[in-house]
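These notes concern the structure reproduced below.
The values are calculated or read from the model by the stated rules, or taken from the named source; none is laboratory data. From a predicted model like this one, the values you see are computed outputs, not experimental measurements. Cβ placement follows ideal geometry from the backbone for every residue including glycine, while neighbour counts extend to all protein chains displayed.
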Amino acid sequence: MQKILFLLLTGLFLLHPAAHAGEGMWIPTLLKALNEDDMQTMGMRMSAEDIYSVNNSSLKDAIVIFGGGCTGEIISDQGLLLTNHHCGYGQIQRHSSVENNYLEDGFWAKDRSEEFKNPGLSVTFIVRIEDVTKQVLKGITDETSESDRYYIIQEHMDDIVEDAIDGTIYDAIIKPFYYGNEYYMIVTERYTDVRLVGAPPSSIGKFGGDTDNWVWPRHNADFSMFRVYAGPDNRPADISDDNVPLKPRHSLPISIKDKQENDFTLVYGFPGSTQEYLPSYAVDLIMNQEDPTRIKLRDLRLSVMDREMKKSEKVGIQYASKQSGISNGYKKWKGEILGLKKTQALEKKHTYEAEFMKRVRENPEWNNKYGRILEVYQELYEQLKPLQYQRLYVTEGALGIEAVSKANGLKGLVALMEDEADEEALDAAISRQRRSLDGFFKNYHAPIDQEIMGLLLQNYMNDIPEAQWPAIFSKIKTKYKGDTQAYAEAAFKKSFIVDEEKFRALMANPSAKKIKKDPIYQLMESILDHYRDNVSEQYQTLQAQLNQVHRIYMKAQQEVFEEKTFYPDANFTLRVTYGQIEGYSPDDGVDYRHYTTMKGIMDKNLTGAYDYKIPEKLRELYKEGDYGRYGQEGELWVCFVASNHTSGGNSGSPVIDGDGRLIGLNFDRCWDGTMSDINYDRSLCRNISVDIRYILYLIDKYADAGYLIDEMELVE
């Protein structure tokens, strides 16, 4: 009997993982109904209203979208903002030069007059989230065609948004949830004067570099600080010296109390994208085709960048942000494959689908609606495989060449010049190109790109059947005898795209004919035209069909497994995830503690590895061993892991304790748990955070910027 019960419980775990603590990215408006009791059982002492409220100040009012893809949080009543170092990296880089290398040395404004303005940077607050499903889907039935459905939904969403923001300073967007079975409107307020206050040197903020990226144990202080400014009326305003620090509706108090394993943790932020409800055919495609191809092509680019960055400080600065972004995905996908295999993700999907079909067959109504859905999936994914392979060689291959990507940005300008219909639009396009040149060439080193072009084109030609080649590959095969490096060298010698002086000269007197004669432009055009004519339409058609099937399958799962609570996949909207501080055991004989300390920094530094260099001042502070109010039992915690379900976009999210106080800054996941985007498994999935006490210690002792701590609310 005990064995039978064990097998039943194991089956339930495979079928209903969302019932287990740690999994789920929950819509904050639904916490009261779905999660509050569970959260309080785990140690939360707040109410759902404390986390999200429209009428009263709540945690929600301190959480922002930082830039276009990270989370940030307000930590003082004077608009002070905390996010990750890697989220603020682009701004730090833009203010850096060989003379003032803030990436290497760090930056700290001594007062507000020294804070750096950042044109183009914004933060977005959430005003309210509203379920508008009924209004959006009004008049839509099972008989409505997909094309009619699309236009009806778009018309309804436009009307709802217009009514919601009419006469206000707010913006609004409606996003689909559960693959379009539900819709929520997010009303927002955007501030565009956001100034850099401080950041540690990369040897602290990126300590461990690529060596430690996505892994545990971790010892980096991945944080940077900004300040949000508003007009004198506290409303959003363009960048101006007349602006004043924002007075936020809520700022997070900060706890410097001791932490313990199993303490409750809440992560509040904007997870980017997850795919928890995909069928087994999709998971197989990701594991065995998509991720391996991406990894291979990014490895080629990184090998060149890494080598050249170590040769030159200037090149190191130019490519720091690019290399980091490329490497981040590269290593994540490697971990994703490993985690999917370790957790037997495909086997779990097969078990789940077998139970799904069993229940469907037993119900005539369900069998009529959903009886062939998995067969349809199989057919569609078989058709998708070859198209997806070619698509990856365009997106990760051809467009991974910076010059080709830049050439692609000229297509719109060429079309306007040839059309000669809209002089105003043409002038605007030329102006955009001229403005873009400073940023492009500031961070561009042609020899790197030339070598990468040769490598990526060689792999493109080797791996894609010749019958599916773009026309220009035949020229490379005949004229250059297939030597893609020789072709790249010739193209770079003749191209204006990789020569700043020639590019500026052409933009002073643009000519569509001259642009189209450029060899790199011709390469881009041949590859993208081939993709458009032979792949894109089929690919888009299949994706549209899959989206329809995803929507039906999602609805089917919710009907068939009525005992299960389904959370929606992440879509870069505000979500709450909750878990506990806890270590984990990823491999046989490996048991990881739940936190790291400064001793680990010094131990790694002793190896002499490039990624483990540290500033001398940090070494001196460690020798002093005076952690003051930031220490715990004679140690200074640096990072900790917890079982919160996070994803890209959660970078910079606050980690909040059971009383609503900031205790850490989320910045990463453990490597073999990155498959949580597809298959969350609490035994492996851990989010990694900087301990807030280490951040405060660095601000206070390393940066001598204690005035910033003075404006925070610390709870001891």
Yes/no for Q78 being modelled with pLDDT under 95 and of a type in the set (S, T, N, Q): no
Whichever residue in region 458-479 is free of Cβ contacts under 8 Å to residues at least 60 places away in the same chain, crowded, with 16+ Cβ neighbours inside 10 Å and touching a helix residue (DSSP H, G or I) at 6+ places or on another chain (Cβ under 6 Å) and, among such residues, is nearest to S303 (Cα to Cα): Q458
Test: residue in region 441-449 that is closer than 30 Å to P279 by Cβ and not hydroxyl-bearing (S, T, Y): no
Neighbours by Cβ (under 7 Å, 6+ apart or cross-chain): first from region 590-608, under 15 Å from I204 (Cα atoms); second of a type in the set (S, T, Y): M598/Y622; M602/Y622; K604/Y612; N605/Y612
Extreme residue, nearest to E635 (Cα to Cα), among residues of region 204-254 that are assigned to a loop (DSSP other than H, G, I, E, B) and basic (K, R): R218
Selection count where residues are at pLDDT below 95, of a type in the set (D, E, K, R) and assigned to a loop (DSSP other than H, G, I, E, B), scope region 119-148: 2
In region 678-698, the residues that are among the charged types (D, E, K, R) and either assigned to a loop (DSSP other than H, G, I, E, B) or modelled with pLDDT under 95 (or both): D681, R682, R686
Residue check, L636 in contact with a Phe, Trp or Tyr (Cβ under 9 Å, 6 or more places away or on another chain) and surrounded by fewer than 20 Cβ atoms within 10 Å (Cβ to Cβ): no
Residue ID - surrounded by the most Cβ atoms within 10 Å (Cβ to Cβ), chosen from residues in region 558-590 that are of a type in the set (A, V, I, L, M) and under 26 Å from V187 (Cα atoms): V576
